[in-house]
1. Would you say S92 is hydroxyl-bearing (S, T, Y) and modelled with pLDDT under 95?
2. Take E183 and tell me if it is under 21 Å from P44 (Cα atoms) and of a type in the set (D, E).
3. Going residue by residue through segment 148-158, is there one that turns out to be without any contact (Cβ under 8 Å) to a residue 12 or more places away in the chain, over 22 Å from A104 (Cα atoms) and acidic (D, E)?
4. For residues in segment 110-152 being touching a helix residue (DSSP H, G or I) at 6+ places or on another chain (Cβ under 7 Å) and closer than 24 Å to L61 by Cα, which is surrounded by the most Cβ atoms within 10 Å (Cβ to Cβ)?
5. S200 fails exactly one of the following numbered conditions: (1) touching a residue at least 40 places away in the same chain (Cβ under 8 Å); (2) farther than 21 Å from R88 by Cβ; (3) in contact with a strand residue (DSSP E or B) (Cβ under 7 Å, 6 or more places away or on another chain). What is the number of that condition?
6. What number goes with the only condition from (1) surrounded by fewer than 19 Cβ atoms within 10 Å (Cβ to Cβ); (2) on the phi > 0 side of the Ramachandran plot; (3) not hydrophobic (A, V, I, L, M, F, W, C) that G165 does not pass?
7. What's the total number of residues in segment 85-109 that are over 18 Å from the mean Cα position of the chain (by Cα) and surrounded by 20 or more Cβ atoms within 10 Å (Cβ to Cβ)?
8. Taking segment 5-18 as the search range and keeping residues that are touching a strand residue (DSSP E or B) at 6+ places or on another chain (Cβ under 6 Å) and of a type outside the set (D, E, K, R), which one is nearest to L112 (Cα to Cα)?
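The values are calculated or read from the model by the stated rules, or taken from the named source; none is laboratory data. Small disclaimer: the values here were computed from a predicted structure and weren't measured. Note that each Cβ is placed from the backbone with ideal geometry, even for glycine, and that neighbours are counted across all protein chains shown.
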Amino acid sequence: MQTVTLNGAAVTPSKIVCVGRNYVAHIRELGNDIPDDMVVFNKPNSAIGTVLHSAVDGEPLHFEGEIALLVWGGEFAAVGFGLDLTRRELQSALKKKGLPWERAKAFDGAALFSEFVPLPADTDQLELQLDVDGARRQAGGVGLMIYRPATILEELRKFTTLEDGDLVMTGTPEGVGPVRKGENFEGRILAAGEVLVSASWVAH
């Protein structure tokens with residue numbers, strides 16, 4: 001089983017629950033409709049990776065930077081930076097046929113994470129930044145979300161059990177794009193403008 005790090009200790013998530021279409025500008029950049037209800041899909045534990053790949057089976061991967069929340073005791077207890085990796089061409093083809101997205105979203109290595117640190121009391125202050133080769137590519141935060149953390153937790157509790165260590169990826173702001181080999185990705189999570197945690201990867 002794959003692990004993430006919380007306060008220096010290894011934690012094993014049973015699953016990654018992902019919220020899709022949670023930022024209006026990102027919905028529009030992909031040409032999607034704003035959903036009536038919260039869009040949710042899962043990635044398995046095996047999707048957690050440590051290497052940022054630029055392609056899978058010859059198809060370029062697209063990056064999506066996200067605020068990732070770790071569950072403990074049924075509540076959001078910690079925060080980290082997450083990269084949701086997507087086979088966009090395959091996802092588009094599956095969507096057109098009305099088929100599930102797992103082949104495009106849940107493959108091995110499709111989710112990368114920084115370490116996790118304790119969640120601040122005011123989650124409305126959380127923001128993310130993603131720089132690629134030193135240039136800002138994504139920036140956004142809870143204030144731009146359609147569904148904020150408290151609402152996400154409430155909605156998820158209606159149909160699924162969140163185990164200790166489970167991760168919730170809260171959606172991505174606009175600015176997504178392809179991963180190119182050799183690029184340096186640096187993601188960070190901030191609260192009230194102060195960096196809480198960061199991580200970097202070089203694309204392979």
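1. yes
2. On the way: under 21 Å from P44 (Cα atoms): no; of a type in the set (D, E): yes.
In short, no.
3. yes
4. A111
5. S200 satisfies every listed condition except (1).
6. All conditions pass for G165, except number (1).
7. 0
8. Here is the first cut: in segment 5-18, the residues touching a strand residue (DSSP E or B) at 6+ places or on another chain (Cβ under 6 Å) are 6, 11, 13, 15-18.
Filter once more, so that each one left must be of a type outside the set (D, E, K, R): 6, 11, 13, 16-18.
On the way: L6: 14, V11: 14, P13: 13, I16: 11, V17: 14, C18: 13 Å.
The qualifying residue nearest to L112 (Cα to Cα) is I16.
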